[in-house]
Protein chains: 2
Amino acid sequence: MSVTAAKGFTAAGIAAGIKENGNPDLALVVNNGPRRAAAGVFTSNRVKAAPVLWSEQVLASGELAAVVLNSGGANACTGPRGFQDAHATAEKAAEVLGVGAGEVAVASTGLIGLLLPMDKLLPGVEKAAAELSEHGGEKAAIAIKTTDTVHKTAVVTRDGWTVGGMAKGAGMLAPGLATMLVVLTTDADVDAPELDKALRAATRVTFDRVDSDGCMSTNDTVLLLASGASGTTPAYDDFADAVREVCDSLGRQLIGDAEGASKDIRVEVVGAASEADAVEVGRSIARNNLLKCAIHGEDPNWGRVLSAIGTTGATFEPDRLNVAINGVWVCKNGSVGEDRDLVDMRYREVTITADLAAGTESAVIWTNDLTADYVHENSAYSS
Amino acid sequence: MSVTAAKGFTAAGIAAGIKENGNPDLALVVNNGPRRAAAGVFTSNRVKAAPVLWSEQVLASGELAAVVLNSGGANACTGPRGFQDAHATAEKAAEVLGVGAGEVAVASTGLIGLLLPMDKLLPGVEKAAAELSEHGGEKAAIAIKTTDTVHKTAVVTRDGWTVGGMAKGAGMLAPGLATMLVVLTTDADVDAPELDKALRAATRVTFDRVDSDGCMSTNDTVLLLASGASGTTPAYDDFADAVREVCDSLGRQLIGDAEGASKDIRVEVVGAASEADAVEVGRSIARNNLLKCAIHGEDPNWGRVLSAIGTTGATFEPDRLNVAINGVWVCKNGSVGEDRDLVDMRYREVTITADLAAGTESAVIWTNDLTADYVHENSAYSS
């Protein structure tokens, strides 16, 4: 159902020929109103792809009529020509849909440093517009895949209104935000400032805490479009909660499909003096290559957890640190704890709990193990 | 020649039985004077191994008579008992050598979170003392190996005086300092403050700029011992230069033998507004897993270089960045540059040049590619 689960939206996903293998590579999502409120959150990478620069500008108005997304090319590091291409894509969609180009966001994903084949992309926009449907959500979700093995969608329905969405992302998954394209839609009648507030609150504790490989992309885009078609304006907290729930599900699906991963690792930092400390420590653990290799080998190597904690500036005393792996406290007071042979690591999900014994704050960061498959997939990506 | 290249030093390397496979695992280096000046630099990880805590204390006096080093166990995260073991090791060496325990540094490397087998280590110290020799440098260098495939030594001889040394380190290679054990010796007659100054100046631009896998160890130790046996006191700049040269050679050997690596990558940042900017950008590039995979696949994927630069706080404009790989400027002004097919990546050494076009400062960081062998070696390390 994805982006068409909420009333007031149509979508399409087609093969425009951007990908040489003929797979679907162009998605179009249209908000048919009655409202067209929108909000967006983008990568904090300072090297931003052309579509990010375009869409940030467009979002300033707090309104969006449509989003064009393509896989098969990131349109990043493509100079002034790349920006012109993003602009031309929006112009084409605007022309076909009878709206203004300033109401059309653009998002791209794929290899950095290649110009998009506009001779294929622009006719693709026309073709997608001709196939727009209230049932097009799944096709749109499929068309934005790159190395994703499955498409990712989530829907939450509450009392008369719905939030749904789609996501792609499998590599370059790291915070600020977690590298991906996401389009969320809702038929709740919510204005742009509230959409923005709910979206930022949700991404801060979901996509921003997904850190698969520590690499931040140039293209991260999360958009939230509201049609108001349900005629219902939910209480802010209820709405924000639904948005967070959809983001949480999509973020979890991204981790579950990360390139080459065989383990999903939930890094849970507790006993922190501040939430910022908890996040810093969680990220440091999530990015430790040696630990990620150990988890791949089902080795409860808590020494690597401590060595990762030790590189942070968080408040803690080394001889008060505790670490549990899948519930077994293998490290107590900075030293040897329970028998590491008690740790059962056969399942895909692994939980690492780091107790800083310095306060009451906590945070969860999701990451993956580091595998030979990850290396293989990413040494061959551009060839 | 290693630590016994300089006059006034003896060394030994033996198998004490700490390693279950019977390989050499204990080294002893003794300064026979006439002077015993010394300096040390240690890991900046806040979780410090017991031998680091011990040796930092001992170094406060600026004098060292001997160093005991073991492989086969890091004595890190071992609590009060671990510190007692480090102390007992120094006491044993002091007793056998007829010096004070406060003149003996201790260094350990191996798995974190295991107590050392003191019933093997202490007799090992006696055995090593019995084998001390002016030709023992190479054996000592062999005894400190863990996953190193070769032992690492370097010697620089100037006008009547010598600086030599040995190093180990193959994983957990990252800055602050670059994770390893290093003992340097010199027969130059230099006092402790000058030794300290020369050593810090050297490590700052050598070991501190080796970043193989982004993982900082709990045990990093670099010691410099001066015997004064040459009777010569060189000019400070000459001496500092020789120390830097030895550190540079050893650092380069560490990268050349990093776990699972097939490429040595020289990340050269030029045109930076400050040296700190250059180092920050160099490290960000050196730690980008996706880029390291691409280099492994001999793929000149400059987009991943730009995406790594974009995560830093350095001064630059995205549309003025230039990137060369092995001398081919594949990215110019933040966009597509020379033909990437011109890049020849068949050889082990790869140079990535990032020009920030923001100033005149520069820095070099050394790293490796990320390979399936690295994953394999580090998923099996503790088993």
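Of all residues in the stretch A:258-285, those that are at positive phi and in contact (Cβ under 8 Å) with a residue 12 or more places away in the chain have Cβ atoms under 9 Å from Cβ atoms of residues that are buried (at least 23 other Cβ atoms within 10 Å of the Cβ) and in a strand (DSSP E or B), 6 or more apart or on another chain, in A:GLY260/A:ASN368; A:GLY271/A:ALA354.
Test A:ARG244 against the criterion of being open to solvent by 10 Å² or more (accessible area, probe 1.4 Å) and part of a helix (DSSP H, G or I), and give yes or no. Considered against the rule, which asks whether it is open to solvent by 10 Å² or more (accessible area, probe 1.4 Å) and part of a helix (DSSP H, G or I), A:ARG244 comes out as yes. So is B:GLY297 facing chain A (nearest Cβ under 7 Å) and without any contact (Cβ under 8 Å) to a residue 60 or more places away in the chain or not? Yes, satisfied. Residues that are under 20 Å from the mean Cα position of the chain (by Cα) and either of a type outside the set (Gly, Ala, Ser) or not assigned by TED's automatic domain parsing to the domain that holds A:VAL182 (or both) within the stretch A:148-161 comprise A:ASP148, A:THR149, A:VAL150, A:HIS151, A:LYS152, A:THR153, A:VAL155, A:VAL156, listed in sequence order.
Quick grid of which residues meet (1) under 19 Å from A:MET118 (Cβ atoms); (2) in contact with a Ser or Thr (Cβ under 9 Å, 6 or more places away or on another chain); (3) in contact (Cβ under 8 Å) with a residue 40 or more places away in the chain:
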{"site": "A:PHE9", "(1), (2), (3)": "no, yes, yes"}
{"site": "A:GLY17", "(1), (2), (3)": "yes, no, yes"}
{"site": "A:ASP25", "(1), (2), (3)": "yes, yes, yes"}
{"site": "A:LEU28", "(1), (2), (3)": "yes, yes, yes"}
{"site": "A:ASN32", "(1), (2), (3)": "no, yes, yes"}
{"site": "A:VAL41", "(1), (2), (3)": "no, yes, yes"}
{"site": "A:SER44", "(1), (2), (3)": "no, yes, yes"}
{"site": "A:LYS48", "(1), (2), (3)": "no, yes, yes"}
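Let's see how each residue does on (1) closer than 13 Å to B:LEU225 by Cα; (2) more than 14 Å from chain A (Cβ to nearest Cβ):
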{"position": "B:THR4", "(1), (2)": "yes, yes"}
{"position": "B:ALA16", "(1), (2)": "no, yes"}
{"position": "B:VAL29", "(1), (2)": "yes, yes"}
{"position": "B:ARG36", "(1), (2)": "yes, yes"}
{"position": "B:PRO80", "(1), (2)": "no, no"}
{"position": "B:ALA94", "(1), (2)": "no, yes"}
{"position": "B:THR109", "(1), (2)": "no, no"}
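Residues that are part of a loop (DSSP other than H, G, I, E, B), away from chain A (no Cβ under 14 Å) and open to solvent by less than 10 Å² (accessible area, probe 1.4 Å) do occur in the stretch B:66-76, at least one of them.
Beta carbons closer than 6 Å, at least 6 apart along the sequence or on distinct chains, pair a first residue in the stretch B:121-146 that is hydroxyl-bearing (Ser, Thr, Tyr) with a second that is open to solvent by less than 10 Å² (accessible area, probe 1.4 Å) for B:THR146/B:SER71.
Residues are listed down the side, and each one gets a yes or a no for (1) open to solvent by 10 Å² or more (accessible area, probe 1.4 Å); (2) under 23 Å from the mean Cα position of the chain (by Cα); (3) among the basic types (Lys, Arg):
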| residue | (1), (2), (3) |
| --- | --- |
| A:SER249 | yes, yes, no |
| A:ARG252 | yes, yes, yes |
| A:ASP257 | yes, yes, no |
| A:SER284 | yes, yes, no |
| A:ILE295 | no, no, no |
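Look through the stretch A:216-228, keep the residues that are at pLDDT 90 or above and either open to solvent by 10 Å² or more (accessible area, probe 1.4 Å) or outside any loop (DSSP other than H, G, I, E, B) (or both), and return whichever of them is nearest to the other protein chains (Cβ to nearest Cβ). Among residues in the stretch A:216-228 that are at pLDDT 90 or above and either open to solvent by 10 Å² or more (accessible area, probe 1.4 Å) or outside any loop (DSSP other than H, G, I, E, B) (or both), the one nearest to the other protein chains (Cβ to nearest Cβ) is A:LEU223.
Only one of the listed residues (A:GLY359, A:GLY337) is surrounded by fewer than 19 Cβ atoms within 10 Å (Cβ to Cβ), within 12 Å of chain B (Cβ to nearest Cβ), farther than 19 Å from B:GLY214 by Cα and of a type in the set (Gly, Ala, Ser). That residue is A:GLY337. The criterion of being outside the structural domain of B:ALA198 (by TED's automatic domain parsing), open to solvent by less than 20 Å² (accessible area, probe 1.4 Å) and in contact with a strand residue (DSSP E or B) (Cβ under 6 Å, 6 or more places away or on another chain) holds for B:GLY271.
The values are calculated or read from the model by the stated rules, or taken from the named source; none is laboratory data. Because the structure is a prediction, the values reported are computed rather than measured. Cβ atoms come from the backbone with ideal geometry, glycine included; neighbour counts cover every protein chain shown. Side chains included, ligands, DNA and RNA excluded: accessible areas come from the protein's heavy atoms. Shrake-Rupley method; radii C 1.70, N 1.55, O 1.52, S 1.80 Å.
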